[in-house]
Amino acid sequence: MIDFTIPEKVKQQTQMAEMVATTIMRPTARKYDENEHDRPVEFIKFMWPVMADRQKSTLEKARRKAEQADTDEPENGNKKENIANLSMLFLIEQLAWGDVAQYLSLPSAGLGGFAIEAVATLDQKERFLSRYADSKAKPAWGAMAMTEPGAGSDTAAICTTATLDTETNEWVLNGEKIFCTSGKLSLDESNGLVVVWATIDRSAGRAGMKPFVVEAGTPGVKVTKQEHKHGIRASDTVAIVFENARIPYDNILGSPEVRDPEAAGTKGFKGAMKTFDLSRPVVAASAVGVARGALEVTKEKLADAGITIRYDAAPHELTAIQRDVIEMEGLLKASWLLTLRAGSMLDQGESNALESSMCKAKAGQASTQICQKCVEILGPMGYSREWLVEKLMRDSKIADLYEGTHEINLLIVARRILGYSSAELR
Amino acid sequence: MIAFTPTNEQKMLIDAIHRYTENQLRKSAHDADEASEAPADVITKGWELGLLPGLIPDQYGGYSDGQAAITGALALEELAWGDVALAVNMWAPASFALAIMHSGTEEQKQTYLPAFCDVDRPLASAALIEPSVVFDPWRPKTSAVRQNGHIVLNGEKTYVPLANEAERIVVYATDSETGKVDGYIVEQGTVGLTIGERNKLMGFRAVPMYSLSLNDVSVPAEKRLGGDEGTDYRTILNRSRIALGALAVGVGRASLEYARDYARERVQFGAPIGTKQAIAFRLAEVAIEVDAARLMVWEAAWKADKGEPITQDTTILKQYIDKMAMFATDSGVQVLGGHGYIREHPVERWLRNARGFAALDGLALV
């Protein structure tokens, strides 16, 4: 059935997130934008127990699932509706509405966690994720390191290597990663970890690329640079260098085989690419949150100036600004509904690679356009750093760049609808 | 619970409509457009699918599932995928029936609705749009003046489908005392009602639409839609936009699929043009817009079925779908290049049809 009813649980969660956004994030948003590498401690402190509880229940679910698989017990009519992903999208939209830069500093396993959830064994989940499930302990962060100076969208060009030292049964990592979100928080400022993509066989191309878990404190791992960015300045973005960094054999996620048919399937590169099935809707949701914030402020400020949007006016009576606002509301709604669809499909266990790229491409672009337009509409006040709209414009742009640029997501959509492989449509 | 899957009944309905649109509408659309005339048997077969009873509650002879707006939107998308002009032609009597259903008195519903659940298509229509560059669908200029228990209507209407053969037409007019807009059931042949010229349009050629003028047309007070309480005009106009949105999605999807298939087959520079990013990206953008528009239509329809206020939603939706339909169909022509401009291919017709959505605000079909 086609239905847009927001579950009661999600509504309550959104109320909580709105409270955090209004009382903690918004009041400090400007401060952390102007002081780039400071940590949003108020937000981190508040969110850590919330995120830890979330992680705790996810881990428990994984354990139960493993137990059931062991005993081969059929799921006895346990048809409880799964809304985990939808619920996360609502949470992130609301937090991003508060301040997307702080939201990116959420103390949690982050993108590293997504990869681990997607492909790790239960034993690995226990080893790597338990640190994110203890609300009494200090906050911890997780990150993912994919991009390299010579490998952006072209992930197959990754040249960080992982070599197996058969004597010690350890992987030895060498190379440089850049643009790693929360990398310093994960490696230097907490007992966290980074999921690092490295190749074990350069001649094998993508099939040789594997994700490895590198924990904080590993010798030979060094955060070398903190980036200075256009926006999302409260978010930690770093370069990491690996020099003969040794990690245990079991820190590889998925199969170590390069030409194992399994490896090409759900467990290997493609399997881990499933990270994007969730991370792209997540980026889309955050983009929607930022744009909604900008649009709401714009409508409020216009209303203060006596300009309201008349939804039942004749087209010829609308002013250019009223029309702009209505158009932006359309872009926002389109983005959000595409995002919810991608999340809902994931909850239903359906493949959503097409839909997640669709929502990311749409929301990333729409959010950027909306925020740029809001600065324009508000004129001298929009451009002023006294208000947040100029910050929102800078913050919004990242959603059109990370987790695959707009163009890369269009490419994925195009391949899917045309039925072309990556070799046929390059 | 948020969900994006039609019910099994709705899926079966879509399948049935798809067979009809593929076998009937697609095959006759070109000639019907050229001749500005719809083949009668195609229209009859469409009516015989029994779509309208699916939107009408059982006490009036139908079998509505309570999701009339959503089911209607699904049906209209599928019909418009075949051909939007033939679809509107076939479906035009619904503009009368659904106005009665959404806003009629109990007596009006009992009187008029059962006929629309029959096998034979009753000829009826609705008149809302007016011939003016400053036409305001919220405030039509056609006036209704109360006189001795009667209502006297004066004004000009246009884009009235099937007006020449309709037995009765709902005419929307502004009450000169209250400023409120109501519908009035006007029988064909009423003194002062003149059916004018058939509209000559850029697209939508297979649906005969007419201008009509009302000169002191006198209607008994009980023929006011909704009786003493009057008409829920907002609902009717809002639902018309949901219907237009659904039709636009159908047109956009048709154009996308055609251009996609063409791009896979058309070889230039030694490769299918679909393997070039310039073409592929445009198709990807169209695919995103069509899907986004469909979700917006569904959401607005869902709200309409729940009786929530949706004026803001439908205003946003209307602007969005007008743009989407133009982008999708313009892209269709563009991907086909010069061939897209030739009338052998349907994309130029779809482009002409798509522009129509801007002019049709008030064509009330859901």
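Could you sort out which of A:LYS333/A:LYS373; A:LYS184/A:LYS222; A:LYS333/B:LYS11; A:LYS229/A:LYS391 sit more than 18 Å apart by Cα distance in this structure? Violating the 18 Å limit, Cα to Cα: A:LYS333/B:LYS11.
Longest segment of chain B with no trypsin sites (Lys or Arg not before Pro) in a DSSP loop having at most 13 other Cβ atoms within 10 Å? Looking at chain B, B:1-179 is the longest stretch - no exposed trypsin sites (Lys or Arg not before Pro) with at most 13 other Cβ atoms within 10 Å.
Working from label points 7 Å from Cα in the Cα-to-Cβ sense, the B:ALA16 to B:GLN110 distance is 2.9 nm. Remark: mean inter-chain Cβ contacts per residue of A:410-423 equal 5, using a 10 Å Cβ-Cβ cutoff to other protein chain atoms.
Of the residues B:HIS102, A:HIS228, the one with the fewest other Cβ atoms within 10 Å heads the list, and the complete ranking is A:HIS228, B:HIS102.
In a simple Cβ point-charge model (Lys, Arg +1; Asp, Glu -1; nothing else charged), the protein assembly as shown has a dipole of about 1440 debye relative to its Cα centre. Counting Lys and Arg as +1 and Asp and Glu as -1 over every other residue whose Cβ lies under 12 Å from the Cβ of B:VAL134, the net charge comes to -1. Once the Cα atoms are used to define both axes, helix B:68-82 deviates from the longest principal axis of chain B by about 50 degrees. Under the combined filter of DSSP loop state and at most 16 neighbouring Cβ atoms within 10 Å, segment B:40-125 retains these chymotrypsin sites (Phe, Trp or Tyr not before Pro): B:TYR63.
Shape class for segment B:98-228: oblate, because the ratio a/c of the largest to smallest gyration tensor axis (alpha-carbon atoms, square roots of eigenvalues) is 1.5 or more and b/c is at least a/b. For chain A, the mean residue ellipticity at 222 nm estimated from helices alone is -16500 deg cm²/dmol, where every DSSP H run of n ≥ 4 contributes -39500 (n - 2.57) and the total is divided by all residues, rounded to the nearest 500. In this structure, the residue pairs whose Cα-Cα separation is over 29 Å, taken from A:LYS299/A:LYS397; A:LYS360/B:LYS303; A:LYS225/A:LYS301, are A:LYS225/A:LYS301.
By the count of other C-beta atoms within 10 Å, a proxy for reagent exposure, B:GLU9, A:GLU176, A:GLU355 are ordered fewest to most as B:GLU9, A:GLU176, A:GLU355.
Could you work out the local net charge near A:VAL223, counting Lys and Arg as +1, Asp and Glu as -1, over the other residues with Cβ closer than 12 Å to its Cβ? It works out to a net charge of -1. Compared with the dominant principal axis of the Cα atoms in chain A, helix A:406-418 is inclined by about 80°.
For segment A:15-145, lysine pairs with C-alpha atoms less than 29 angstrom apart, excluding pairs fewer than eight positions apart on the same chain, total 28.
Only helices enter the 222 nm calculation for chain B: every DSSP H run of n ≥ 4 contributes -39,500 (n - 2.57), and dividing by all residues gives -15000 deg cm²/dmol, rounded to 500. Helix B:94-103 and the longest principal axis of the Cα set of chain B meet at an angle near 60°. By the count of neighbouring beta-carbon atoms within 10 Å, fewest first, B:VAL290, B:VAL191 end up ordered B:VAL191, B:VAL290.
FYI, it's all coordinate maths here, none of it is from the lab. None of these values were measured; they are calculated from a predicted model. Because the Cβ atoms are built from the backbone with ideal geometry, glycine has one as well, and the counts that use them run over all protein chains shown.
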